[in-house]
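Visitor: I'd like to ask you about the structure that follows.
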Amino acid sequence: MFDNIQENKTFKNLYNGEWIVSKSGNTIDIYSPNDNSCIGKVQAFEKEEVNKTIENSRQSQKLWADTPINERASILHKTAELLEDNLEELSQLLQMEIAKDKESSASEIRRTADFIRFTADEGKHMEGETIFPDNFPGYKRDRVSIVNRIPIGVVLAISPFNYPINLSASKLAPALIAGNSVILKPPTQGALSALHLAEIFNRAGLPSGVLNTVTGKSSEIGDYIVSHEDINFINFTGSTEVGKHIAKVAGKVPMLMELGGKDAAIVLEDADVGEAAKQIVAGAYSYSGQRCTAVKRVLAVDKIADTLIAEMNCLISKLKVGSPLEGAQITPLINNEAANFVQELIDDAISKGAKLIIGNKRNNNLMYPSLFDYVTTDMRLAWEEPFGPILPVIRVKNTNEAIQISNASQYGLQASVFTSSIKDAFYIANKLEVGTVHINSKTERGPDHFPFLGVKASGMGTQGIRYSIEAMSRPKSVVLNIN
Ligand code: NAP
Ligand code: G3P
């Protein structure tokens, strides 16, 4: 099914329904984080090709906007079906390209198919409203505003490496059902998986040019594409650093941004410590901690800290470390630089007196899961996002200290509170400066129709199926005079 998107493992870009190569002949090699083998090449598009793509997307959007929503929805349903039909192949590709463990790779595909179906159905309920004027002072019932939702135009979707299929589709599907055309700029590491997704949308019957892809060096085409005047919306997921940069250079264009996080799990004295340990370990170490919503620090009340750490240590020691192809749960990080960064945080914490409970073992970019106790606020590990399998425990005296440390972070994505007191849980939830608080469970994005948002340096705007459709469409009011 995917033979047409590549030639000798050199992958092309989708342009106006065809798979094309760059005129320059330049490509970028993609290496597997598992064994550093070259698994393919992607096109290095140049500015002129970016221009051509945007123009094609702009033209194609007009017809798509006129396509009945039920027809758009049928194409999305077909896309979901094709994704599931190709689950095995796509899941193996994720294991090779981003070293995602086998179970998470398969679940990324299943979840994406469910996401697309739900979006198709939700889109059918994108209804407008009529508003009469006479509830505003000085007006009588002499006109009516007929409000409809219409597309925004050309959406630029920029996705990160850690969910190249899911976090591409979670932008594409809501944008498309709303009648926009989309240019997908996938992560370079993850591009092969994302290009397969694009072909699935193409095969499902999306009209030519409604979805185009652009791969290339961010240093060459990144700023150019985000600041292009014919891009009408930017939907970005990635690091806070790149997100802030894009917001600066893009100018006056609406944006959704999902950025980094430092999600805290607050564990109080009256928590079910065994259950908290299970949730925290699952939340911190799945996909080796390379999730924006991973639990990235534990704020444990002193009295239960020893028990919690013992329980977590026991669970961590059972995690299988190695290659995703051999069924490991803790798999190599995306590249060596990522592993070096995690190592820096470990070394800094140890040099400042943190106590290593387990881990601090490394084989190139394969980092064993680490747990640290007695992490203090002068350590980088207390504040920086490692994006690796490492978890600091910061001991706190009481609830208020936990809230204070949680809120002192630049990030504000999510947090968890573990307690048997519903009153304390709500007290803390109300005080935390984050998008979502989970009570007695780990931090996570799903289910995908819940609102998903970060505050402070963690994002801008709200995702979640209905919220994303609303963000990538706008009201249009036609006022009928009925005098
Ligand atoms: P990243 O380095 O920020 O890259 C994200 C995307 O931006 C990639 O497609 C990248 O392309 C592109 N990019 C980089 N510079 C650009 C520029 N100047 N103009 C346009 N595009 C540009 O992030 P990542 O390493 O892939 O992902 C990890 C980070 O994402 C973590 O911080 C994590 O917390 C965050 N994240 C957040 C969420 C959330 O929902 N809050 C979800 C997932 C990940 P190249 O690959 O070609 O550089
Ligand atoms: O890092 C990706 C972010 O969106 C988290 O998703 O489902 O792993 O919580 P999830």
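The values are calculated or read from the model by the stated rules, or taken from the named source; none is laboratory data. Please read all numbers here as calculations on a predicted model, not as lab measurements. Note that we place each Cβ from the backbone using ideal geometry, even for glycine, and neighbour counts take in every protein chain shown. Please note that ligands, DNA and RNA were not included when accessible areas were found on the heavy atoms of the full protein model with its side chains. Shrake-Rupley method; radii C 1.70, N 1.55, O 1.52, S 1.80 Å.
Visitor: Give me the log10 of I(q) over I(0) for the chain at q = 0.05, 0.06, 0.07 Å⁻¹, as the Debye formula computes it from C-alpha points; what are the numbers?
Guide: -0.20, -0.29, -0.39
Visitor: From largest accessible area down, sort Asp3, Asp142; use a 1.4 Å probe on the protein chains.
Guide: Asp3, Asp142
Visitor: Using a simple spin-label model with points 7 Å from Cα along the Cα→Cβ vector, what separation in nm is obtained for Asn313 and Ser421?
Guide: Computed distance between label sites Asn313 and Ser421 equals 2.9 nm.
Visitor: How would Trp19, Trp64, Trp383 line up by accessible area, probe 1.4 Å, largest first? Before the final figure, lay out each step's value.
Guide: Numbers: Trp19 30, Trp64 5, Trp383 75 Å².
Accessible-area ranking of Trp19, Trp64, Trp383, largest first: Trp383, Trp19, Trp64.
Visitor: Compare Tyr374, Tyr368 by solvent-accessible area with a 1.4 Å probe and give them largest first, with all protein chains kept in place.
Guide: The most accessible residue leads, giving Tyr374, Tyr368.
Visitor: Shifting gears a bit: Please state the relative contact order of region 31-140 as a whole percent: Cα pairs under 8 Å, 6+ residues apart? Mind showing how you got there, number by number?
Guide: On the way: 67 pairs, mean separation 33.6, N = 110.
Relative contact order of region 31-140: 31 percent.
Visitor: Roughly speaking, what is the stretch gain from Ser477 to Asn335, that is 0.36 nm per residue apart minus the C-alpha to C-alpha distance, in nm to one decimal?
Guide: 46.1 nm
Visitor: Where in the chain is the longest stretch that carries no trypsin sites (Lys or Arg not before Pro) classed as loop by DSSP and with at most 15 other Cβ atoms within 10 Å?
Guide: Longest stretch, sites excluded: 24-123.
Visitor: Given R₀ = 51 Å, what would the calculated FRET efficiency be for Glu344 paired with Asp230, taking r from the Cβ atoms and rounding to 0.05? Spell out each step's value before the answer.
Guide: Details: r = 41 Å, r/R0 = 0.81.
Working from the Cβ atoms, E equals 0.80.
Visitor: What nm distance separates the two modelled labels at Leu356 and Asn430, each placed 7 Å from Cα along Cα→Cβ?
Guide: 4.4
Visitor: Give the residue from Gln410, Ser351, Phe426 lying farthest towards the positive end of the charge dipole for region 263-449; charges sit on Cβ (+1 for Lys and Arg, -1 for Asp and Glu) and the dipole is referred to the Cα centre.
Guide: Ser351
Visitor: A further question on this structure: Can you give the longest stretch of the chain with no exposed loop site, where a site means GluC sites (Glu not before Pro) in a DSSP loop (not H, G, I, E or B) with at most 14 other C-beta atoms within 10 Å? Mind showing how you got there, number by number?
Guide: Working: sites that count: Glu127, Glu229.
That would be 230-483.
Visitor: Another one. Express in nm, to one decimal, how much length is gained between Glu81 and Tyr31 on full extension, taking 0.36 nm for each residue of separation and deducting their alpha carbon distance.
Guide: Here the segment from Glu81 to Tyr31 would lengthen by 15.1 nm.
Visitor: Which whole-number percent is the relative contact order of region 121-197 (Cα, under 8 Å, 6+ apart)?
Guide: The value is 28 percent.
Visitor: Still on this structure, I have one more. If R0 is 35 Å, what FRET efficiency do you get for Ser219 and Ser441 from their C-beta distance, rounded to 0.05?
Guide: Efficiency, rounded to the nearest 0.05: 0.30.
Visitor: Can I ask one more? What residues have an amide H closer than 5 Å to that of Ile390, excluding those fewer than 5 places away on the same chain, when H is modeled at 1.01 Å from N in the peptide plane?
Guide: Excluding prolines and chain starts, which carry no amide H, the hits are Ser370.
Visitor: Scaled to the compact-protein estimate 2.2 N^0.38 Å, what is the alpha-carbon radius of gyration of region 263-449, rounded to two decimal places?
Guide: Computed over Cα atoms of region 263-449, the ratio equals 0.96.
Visitor: For Phe452, list long-range residues whose amide hydrogen, built 1.01 Å from N in the peptide plane, is under 5 Å from its own amide hydrogen.
Guide: Correct list: Gln463, Gly464.
Visitor: If you don't mind, another one. With a Förster radius of 60 Å, plug the Cβ-Cβ distance of Lys397 and Glu89 into 1/(1 + (r/R0)^6) and report the FRET value to the nearest 0.05.
Guide: 0.70
Visitor: Right, another one. For a bin width of 10 Å, list the pair-distance distribution of region 97-196 built from all Cα-Cα distances, rounded to whole %.
Guide: Cα pair-distance distribution for region 97-196, in percent: 14, 33, 23, 14, 9, 6, 1.
Visitor: Averaging the inverse of every distinct alpha carbon separation and then flipping it gives the Kirkwood radius. What is it for region 287-352, in angstrom units?
Guide: Working: mean 1/r = 0.0709 Å⁻¹.
Result for region 287-352, one decimal place: 14.1 Å.
Visitor: In region 139-190, what percent of the accessible surface is made up of carbon and sulfur (1.4 Å probe, ligands and nucleic acids excluded)? Walk me through the intermediate numbers first.
Guide: Values: 630 of 1180 Å².
C and S fraction of accessible area: 53 percent.
Visitor: If you don't mind, another one. Compute the relative contact order of the chain as a whole-number percentage, counting only Cα pairs closer than 8 Å that sit 6 or more residues apart in sequence. Kindly include the intermediate steps, with their values, before the conclusion.
Guide: Details: 1115 pairs, mean separation 84.6, N = 483.
Relative contact order, the chain: 18 percent.
Visitor: Along the Cα→Cβ direction, 7 angstrom out, place labels at Lys278 and Ser145. What is the inter-label distance in nm?
Guide: Taking the simple label geometry, Lys278 and Ser145 are separated by 5.1 nm.
Visitor: Give me the extension gain from Phe450 to Asn16: residue separation times 0.36 nm, minus the current Cα-Cα distance, reported in nm with one decimal.
Guide: So the chain would gain 152.9 nm between Phe450 and Asn16.
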